[in-house]
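Sharing a structure here in C-alpha cells format.
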Amino acid sequence: MIQGIGASSGIAIGKAFVLPNWEWELPEQKIDVADLAREFDRLYEGIRTSKVEIEQMKDELREVVGPEETSIFDAHLAILDDPVFMNEIQGIIQRQYKAAEVAVKEAIDHFVTMFDLLDDEYMKERALDIKDVGNRLLKHLLGAPEITLPSDTQPFILIARELSPSQLVHLNPNHVLGIATLAGSTTSHSSIMARALGVPLVVGIESKLEEPIQTGDQLIIDGDLGIVHLHPEESLIDLYTGKQLRQREKKQQLKQIVSVKPVTKDGKEFELSANISSLKELDVALGSGTNGVGLFRTEFLYMDRTRLPREEEQYEVYRSVAERLDQKPLIIRTLDIGGDKQLDYFELPEESNPFLGYRAIRICLDKTELFKTQLRAILRASHYGNVKIMYPLISSVEEVRAANALLETCKQELRAEGIGFAENIEVGIMIELPAAVLIADILAEEVNFFSIGTNDLVQFTLAVDRMNEQISHLYEPYHPAVLRMLKLTIEAAKRAGIHVGVCGEMAGDLQALPIWLALDVDELSMSAHAILPVKERLLTLKQQDARSLFDQLLRCSTSAQIHELLAASQDAPIAAGREIVTKSSP
C-alpha cells in the first residue's frame, strides 16, 4: 500500500501507463555573434507557435469542463508574455551566446529551482506552470514530438511525476480510469481539473514508493483515502471491485430522494444548498436537488488569468448562475483573496502571517474601485434572480458599514445610469472570526443573514494552522470551544430574527448534523456531492433527540468525548432503524 494524498475522489482499477519525463538533447556549442538575430527570430517564432497551440487547447477543453477551468491557460499565455521570464531568456542568448533552446532550458531551471526553494505551496504550483510552458516552447524550438497518451481505447491509470494542465487537456475520462502523481498537491491546477473531469487522483506518493511503477503494472487508486495499491492480490481487487459497485449503486439509490424535501421525522425542514466556484459545479448541484447556492466563491473568477475581471465579465457569470437557479437563492461571496489565495497579476505584500493579514474584506475596503466593480456586477445580476451579497472575514461593525456604504454608492450610480437591480438585495456576512462571534448580537442588527464559515472559525478559535503538518492534528472541529462558538453565533441570529446558515466543511459532515438540528440553523451549504448523503441522513433524525444530545455534548470536557457521543448517535438510527439513542456523558 502506498499512502499519498487524495485529491479527487473515486476508485480506479486497471493497468498503469507511465508518462515519460521531458528529456531534451541540447546543443553544447556556443553560437557566433552573427547568429544572434537568427536565434531571436527562432525564439519569437517558438513563442508565437506555442501561443497558438495553447489557445487551441483552451478551446478544446472549454467544451469538456467549462470556461472557468480553461482560464488556467490564461496563466500559461501570461508566462510567455512575462517580461521577467523573457528577459532572462534573451539575456542568456545575448550575453552568453547560447542557442535559444539552451537559454529557454536554463531559464526554466532557474525559476523552477527558485520557486521550489520557497516554503509556499502556491509558488511551487507556479513552478510547474513555468516548466509546462517552457517545455512546450522547447518542443517547438527542437522540433521534438509531444509526449502523447496511448491512442487505443483500452482504459488505463496514468502515472506521472507531475501532471500539467497541458497534459490533461486531451484526456478522455472514459479512457483514463485514474491518476497518481509522485508530486503535486490538492490545490494544484491539475487537481482542480481532475475533479472537474471526475477522474480519481492521488498525489504525493514519491516518498512512499519502494519500487518504481512501470507501464503495464496492475494498480488500484483510492482517491477517497489517498491510497495506491501496486500489484494488488486478486482478493484485494475483488474487495475494491465490490466497493466500486456499491458506490455506484449508492449513487443510483440516492437519486431517488432528489425531489424529497429535507425534513426530519418531527418536521424540522432544512435548506440544503451548494458551495460552487464554477458553472460545472452548478450542474452537479442542480442534479442533486439543491435549494440554491449558499456560497459562490467568486475568487476563482479572478485566479489563473492575466488581469482583473471586468464588470461585464463578472456580470455575465453571476447573471447566468442566477437565471439557471430560477429564483432559488444565490449567495455571492465578495472577493476573498490573500492568505493561500494569490493572484499572479495583483501583487500582495509579503507578510509573516498572511492569514491574519491583508486579505478578503480588508483588501476590498482598501481597493475600493476593485470592490465597486464587483458590487456593480452583482447588483446588475440581482435583476435576474434571487441574489444576495455576503462579505467575508468580518471582524467589526465598522467594516460592515463601510462595505454597505460602497454598495449604496454603486446603487446610486446604477440608478443614474438607468440600469435595473434588486433595490432590497439582502446583505449578509461570514462568521469566521472569534471577534465576530463575540459581537454577533451587534452584527445581527446590521445584516440580513449570517453564514458560519467553520473552516476559518475552527482555525482561528484554536490558533491552529491546519496546513501546518506539525500541528494539523490539533485542528479539531469538535473541540468544546468550537461548539460554544457555534452556539453563541446561532443564538444571536435567532434572537435578532435573521437567517443563519453554515457553509464550511462541517456543513456537509454527517457527524455534525445533530449539532445543526439542535441549534436550529436554517441552511447548510456544502459540496454538491454531499447534498444527497446529508439529506438521506437528515430524514432519519428528530430535532428533539438532537437537542437532548447537544445538551450532553456541552457537558463534555474533551473532543474525544464529543466524538464518541456523536458516533454513537450516527450509528443508531440507520443501523437499527430507530430514533437516536443518547448516552450519558462519560
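The values are calculated or read from the model by the stated rules, or taken from the named source; none is laboratory data. From a predicted model like this one, the values you see are computed outputs, not experimental measurements. Here the Cβ positions follow ideal geometry from the backbone for every residue, glycine too, while neighbour counts run over all protein chains shown.
Take GLU398 and tell me if it is more than 17 Å from LEU443 (Cα to Cα) and either assigned by TED's automatic domain parsing to the domain that holds VAL317 or surrounded by fewer than 17 Cβ atoms within 10 Å (Cβ to Cβ) (or both). It would help to see each step written out before you state the result.
Working: more than 17 Å from LEU443 (Cα to Cα): no; either assigned by TED's automatic domain parsing to the domain that holds VAL317 or surrounded by fewer than 17 Cβ atoms within 10 Å (Cβ to Cβ) (or both): yes.
Against the criterion (more than 17 Å from LEU443 (Cα to Cα) and either assigned by TED's automatic domain parsing to the domain that holds VAL317 or surrounded by fewer than 17 Cβ atoms within 10 Å (Cβ to Cβ) (or both)), GLU398 does not qualify.
Does GLY428 count as among the small types (Gly, Ala, Ser) and either surrounded by fewer than 18 Cβ atoms within 10 Å (Cβ to Cβ) or in contact with a Pro (Cβ under 7 Å, 6 or more places away or on another chain) (or both)? Steps first, please.
Details: among the small types (Gly, Ala, Ser): yes; either surrounded by fewer than 18 Cβ atoms within 10 Å (Cβ to Cβ) or in contact with a Pro (Cβ under 7 Å, 6 or more places away or on another chain) (or both): no.
Against the criterion (among the small types (Gly, Ala, Ser) and either surrounded by fewer than 18 Cβ atoms within 10 Å (Cβ to Cβ) or in contact with a Pro (Cβ under 7 Å, 6 or more places away or on another chain) (or both)), GLY428 does not qualify.
Quick check: is even one residue across the range 322-339 more than 26 Å from ALA274 (Cβ to Cβ) and at pLDDT below 95?
Within the range 322-339, the subset more than 26 Å from ALA274 (Cβ to Cβ) is none.
Checked the range 322-339: no residue is more than 26 Å from ALA274 (Cβ to Cβ) and at pLDDT below 95.
Another question, then. Among the residues in the range 275-290, are any assigned to a helix (DSSP H, G or I), touching a Gly at 6+ places or on another chain (Cβ under 6 Å) and either modelled with pLDDT of 85 or more or under 24 Å from VAL534 (Cβ atoms) (or both)? I'd like the intermediate steps shown before the answer.
Filtering the range 275-290 down to residues assigned to a helix (DSSP H, G or I) leaves 279-287.
Within this subset, residues satisfying the condition of being touching a Gly at 6+ places or on another chain (Cβ under 6 Å) are 279-280.
With either modelled with pLDDT of 85 or more or under 24 Å from VAL534 (Cβ atoms) (or both) added as a condition, the list becomes 279-280.
The answer is yes; a qualifying residue exists.
Moving on to the next point. How many residues does the range 226-249 hold that are surrounded by fewer than 15 Cβ atoms within 10 Å (Cβ to Cβ) and closer than 18 Å to GLU206 by Cα?
Residues that pass the stated criteria total 1.
While we're on this one: Does ILE337 satisfy the criteria of being out of contact with any helix residue (DSSP H, G or I) (no Cβ under 7 Å at 6 or more places or on another chain) and aliphatic (A, V, I, L, M)? Let's see the steps before the verdict.
Details: out of contact with any helix residue (DSSP H, G or I) (no Cβ under 7 Å at 6 or more places or on another chain): no; aliphatic (A, V, I, L, M): yes.
Considered against the rule, which asks whether it is out of contact with any helix residue (DSSP H, G or I) (no Cβ under 7 Å at 6 or more places or on another chain) and aliphatic (A, V, I, L, M), ILE337 comes out as no.
When you go through (1) within 18 Å of PHE421 (Cβ to Cβ); (2) part of a helix (DSSP H, G or I) one by one for ARG362, which number turns out not to apply?
(1)
Being under 27 Å from GLU249 (Cα atoms), in a helix (DSSP H, G or I) and among the small types (Gly, Ala, Ser) is the filter here, so list the residues in the range 506-557 that pass it.
Once the filter is applied, which keeps residues that are under 27 Å from GLU249 (Cα atoms), in a helix (DSSP H, G or I) and among the small types (Gly, Ala, Ser), the range 506-557 yields ALA507, GLY508, ALA512, ALA528, ALA530.
Inspect all residues belonging to the range 474-482 and state whether any of them is surrounded by fewer than 21 Cβ atoms within 10 Å (Cβ to Cβ), aromatic (Phe, Trp, Tyr) and without any contact (Cβ under 8 Å) to a residue 24 or more places away in the chain.
Let us first name the residues in the range 474-482 that are surrounded by fewer than 21 Cβ atoms within 10 Å (Cβ to Cβ), namely 474-476, 479-482.
This time we only want the ones that are aromatic (Phe, Trp, Tyr), so: 475.
Next cut, without any contact (Cβ under 8 Å) to a residue 24 or more places away in the chain only: 475.
Within the range 474-482 (the criterion being surrounded by fewer than 21 Cβ atoms within 10 Å (Cβ to Cβ), aromatic (Phe, Trp, Tyr) and without any contact (Cβ under 8 Å) to a residue 24 or more places away in the chain), the answer is yes, since at least one residue qualifies.
Restricting to the range 328-359, name every residue that is surrounded by 16 or more Cβ atoms within 10 Å (Cβ to Cβ) and in a helix (DSSP H, G or I).
Listed by number, the list holds a single entry, PRO354.
Let me ask something additional. Look at SER288 and say whether it is hydroxyl-bearing (Ser, Thr, Tyr), more than 23 Å from ILE378 (Cα to Cα) and under 23 Å from the mean Cα position of the chain (by Cα).
Numbers: hydroxyl-bearing (Ser, Thr, Tyr): yes; more than 23 Å from ILE378 (Cα to Cα): yes; under 23 Å from the mean Cα position of the chain (by Cα): yes.
Criteria met by SER288.
If I go through the range 199-218 residue by residue, how many of them are hydroxyl-bearing (Ser, Thr, Tyr) and either within 17 Å of GLU233 (Cα to Cα) or touching a residue at least 24 places away in the same chain (Cβ under 8 Å) (or both)? Don't jump to the end; show me each part of the working.
Residues of the range 199-218 hydroxyl-bearing (Ser, Thr, Tyr): 207, 215.
Next, from what is left, pick out any that are either within 17 Å of GLU233 (Cα to Cα) or touching a residue at least 24 places away in the same chain (Cβ under 8 Å) (or both): 215.
Result for the range 199-218: 1.
So for the range 431-454 (the condition being over 27 Å from PRO262 (Cα atoms), surrounded by 17 or more Cβ atoms within 10 Å (Cβ to Cβ) and in contact with a His (Cβ under 8 Å, 6 or more places away or on another chain)), does at least one residue qualify?
no
Oh, and also: I'm told THR373 meets every condition in (1) more than 16 Å from GLY428 (Cβ to Cβ); (2) in a loop (DSSP other than H, G, I, E, B); (3) in contact (Cβ under 8 Å) with a residue 12 or more places away in the chain except one. Can you identify the failing condition by its number?
Looking at each condition in turn, THR373 falls short on (2).
Restricting the search to the range 206-224, which residues are within 26 Å of the chain's Cα centre (by Cα), outside any strand (DSSP E or B) and at pLDDT 90 or above?
If the condition is that a residue be within 26 Å of the chain's Cα centre (by Cα), outside any strand (DSSP E or B) and at pLDDT 90 or above, then GLY223 is the only one that fits.
Among the residues of the range 415-425, write down those that are surrounded by fewer than 17 Cβ atoms within 10 Å (Cβ to Cβ) and touching a residue at least 24 places away in the same chain (Cβ under 8 Å). So that I can check it myself, show each step before the final result.
Kept after step one, since they are surrounded by fewer than 17 Cβ atoms within 10 Å (Cβ to Cβ), are these residues of the range 415-425: 415-420, 423-424.
Once the filter is applied, which keeps residues that are surrounded by fewer than 17 Cβ atoms within 10 Å (Cβ to Cβ) and touching a residue at least 24 places away in the same chain (Cβ under 8 Å), the range 415-425 yields ILE419, GLY420.
Those residues that are farther than 25 Å from ILE439 by Cβ and within 26 Å of the chain's Cα centre (by Cα), I need them from the range 381-407; list them, please. Talk me through it step by step, then tell me what you get.
Quick first cut of the range 381-407, residues farther than 25 Å from ILE439 by Cβ only: 381-387.
Correct list: ALA381, SER382, GLY385, ASN386, VAL387.
Would you check if there is a residue in the range 237-251 being at pLDDT 90 or above and either more than 30 Å from LEU538 (Cα to Cα) or in contact with a Cys (Cβ under 7 Å, 6 or more places away or on another chain) (or both)?
Looking for residues that are at pLDDT 90 or above and either more than 30 Å from LEU538 (Cα to Cα) or in contact with a Cys (Cβ under 7 Å, 6 or more places away or on another chain) (or both), one finds at least one in the range 237-251, hence yes.
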